[in-house]
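Values quoted throughout were computed directly from the atomic coordinates according to the rules given, and no laboratory measurement underlies them. If you're wondering where the values come from, they're calculated on a predicted model, not measured in any experiment. A quick note on method: Cβ atoms are made from the backbone with ideal geometry, for glycine too, and the neighbour counts reach across all protein chains shown.
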Amino acid sequence: MGLFSSIDISATALTAERLRMDIISNNIANVNTTRTENGQPYRRKMPIFQEKAGSFQDILLRKQQSNQNRGVRVVGIKEDVSPFRLVYDPEHPDADKESGYVKMPNVHIVKEMVDMISASRGYEANVTAINTAKSMTMKALEIGRI
């Protein structure tokens, strides 16, 4: 593993966790959005992470040369297909005329907050890993000076 490989890997994770926090923030902001462009309530979104890899040939070449391009990448953003919440509010403009229920987004604040804490901790862990790698590099350079 090269000197800066661990920093590069942690940097990709920082980017992924930042996107995850942005998506969670968007979910929280739309917790009461009952109508989107398609006429349905907002659907919770979730990022899909994957290890940076490639074809067998790419991986083999990387292993032979160095460990570049390792880390995490976002392969997509998926909509949660869980059912919408139903809230009885016959006065709401989007309420069903017969039953009086409103379809609310499938976003649960508690779940989003737990995900936000998890993303924040992941971000912090990667910042710590980068700082540790920098510290080790500096100590190695100090040893070389003596």
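Observations, loosely collected:
- For the peptides 78-86, 14-22, residues were scored by their other Cβ atoms within 10 Å and the scores averaged per peptide; the highest-first order is 14-22, 78-86.
- Taking θ as phi - 60° and the Karplus parameters 6.51, -1.76 and 1.60, the scalar couplings of the range 95-103 work out to 6, 5, 4, 7, 9, x, 8, 10, 7 Hz in sequence order, x denoting glycine and proline.
- A Förster radius of 35 Å, combined with the Cβ-Cβ distance separating Y88 from L19, puts the computed FRET efficiency at roughly 0.45.
- Shape category assigned to the chain from the gyration tensor of Cα positions, a/c cut at 1.5: prolate
- Calculated [θ] (222 nm, deg cm²/dmol) that DSSP helices of n ≥ 4 give over the chain, each run adding -39,500 (n - 2.57): -17500 deg cm²/dmol
- Note on the chain: Lys pairs 8 or more places apart or on different chains, Cα atoms under 29 Å apart, count 13.
- Cα→Cβ-extended label distance, 7 Å offset, between I117 and F49, nm: 1.8
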